[in-house]
Amino acid sequence: MDDTTRIMLDLNAGPENALAVLLAARSPRFTLEGITSVFGTSGAEEGARNALLLAELAAPDRDIPVAIGAAAPLLRECKPAGAGGWALPEPKRKPVPASAAELIVERLNRHRGRITLICCGPLTNVALALVQDPGIADKAKRLVIAGGALKAPGDVTPVSERNLWSDPEAAFRVFRSGIPITLLGLDVTREAALPPELLRSLVKESDAVADFLEQIIRTRTSIRGTGTSSGIPAGDALAVAVAADPGLVETEGFSVMIEIKGTVSRGATLVDLRKGLRPTVHNCDSALKVNNGRLAAGWTELMSRAAKGGAR
């Protein structure tokens with residue numbers, strides 16, 4: 001019996017995505033069914049290239065399909081937030097001919113009820129997949145979203161987080177789809193961190209992954225945003241880890257609404273917290289606290305197993 005966690009990654013090629021891909025592709029705990037790119041930190045084509053590079057680095061013996069996704073929001077214009085590339089060689093493989101939405105639909109239909117879809121960017125690809133096949137809402141095991149801000153302040157506006165702000169109409173569609181959702185907002189992704197010394201302990205491994213981890217340490221150690229945790233930002237890696245270990249975060253059920261018409265509140269994740277008026281039907285489990293010690297321990301175990309046994 002296959003006891004691995006089947007996942008797909010939907011990424012915007014941000015710097016934090018690198019640790020997420022390494023964990024997903026390299027750990028034998030996961031079966032990575034595919035990676036899809038979406039606009040965001042960079043363009044969708046550059047995002048696919050980065051995903052290919054990272055997948056080949058983490059699991060050179062596996063042919064993980066990578067598909068190019070949406071280049072723009074459903075109804076708006078959005079410029080990339082910045083470069084997302086790393087100093088890596090050109091990938092040997094090319095993206096698959098299918099679009100990101102097509103790959104999502106195909107994999108969810110092939111493995112009904114078994115795939116957790118992890119989104120670390122705008123939700124445009126998932127919204128387009130729902131247009132192609134609304135039935136996938138009942139075929140996904142769970143959707144883990146690194147995005148939004150429930151009680152924490154936003155990073156684009158006072159109340160909005162960038163991923164959902166970038167395409168609020170797509171987020172609105174996804175949150176109303178009925179897919180089981182775990183929301184990892186800035187409440188926890190801003191606090192998720194991996195100690196540099198932990199990654200350095202794995203750098204002793206004499207392979208290309210070790211070299212790349214050292215590159216991450218050099219470029220990301222001092223970047224901590226407004227969070228209170230020290231270390232290398234690991235919000236996207238947290239989303240991958242939660243797919244296998246939900247106990248990494250403390251969640252509470254909410255009925256989340258996505259604001260699509262506001263200026264300051266565009267893309268905000270809104271909930272009714274009034275006593276006695278809070279909806280009893282919830283559309284997602286929202287994380288409010290992360291256990292960084294458990295995250296570090298889990299990362300060490302997963303990557304150590306990969307170092308000994310190799311990637312799946």
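The values are calculated or read from the model by the stated rules, or taken from the named source; none is laboratory data. Everything numeric in this text was worked out from a predicted model, so none of it was measured. Positions of Cβ are backbone-derived with ideal geometry, glycine not excepted, and every protein chain shown enters the neighbour counts.
If the condition is being touching a Pro at 6+ places or on another chain (Cβ under 9 Å) and either crowded, with 24+ Cβ neighbours inside 10 Å or among the polar types (S, T, N, Q) (or both), then the range 145-165 contributes 147, 160, 163, 164, 165. Looking across the range 180-201, the residues that are touching a residue at least 60 places away in the same chain (Cβ under 8 Å) and in contact with a Leu (Cβ under 6 Å, 6 or more places away or on another chain) come down to 181, 185, 187, 192. Among residues of the range 1-30 that are at positive phi and crowded, with 24+ Cβ neighbours inside 10 Å, those with a beta-carbon under 9 Å from a residue that is part of a helix (DSSP H, G or I) and aliphatic (A, V, I, L, M) at least six positions away or on a different chain give the pairs 13/44; 13/48; 13/51.
Only helices (runs of 4 or more DSSP H) whose full extent lies in the range 122-219 are considered here, and the ones with at least 1 residues that are at pLDDT below 95, more than 28 Å from residue 75 (Cα to Cα) and out of contact with any strand residue (DSSP E or B) (no Cβ under 9 Å at 6 or more places or on another chain) are 196-202. Could you grab me the full set of residues in the range 46-89 that are at pLDDT 85 or above and among the charged types (D, E, K, R)? Passing the criteria: 46, 49, 56, 61, 62, 63, 76.
Scan the range 39-59 for residues that are in contact with a strand residue (DSSP E or B) (Cβ under 6 Å, 6 or more places away or on another chain) and more than 13 Å from residue 8 (Cα to Cα) and the total you get is 4. Determine, yes or no, whether residue 74 is farther than 21 Å from residue 22 by Cα and touching a residue at least 40 places away in the same chain (Cβ under 8 Å). Considered against the rule, which asks whether it is farther than 21 Å from residue 22 by Cα and touching a residue at least 40 places away in the same chain (Cβ under 8 Å), residue 74 comes out as yes.
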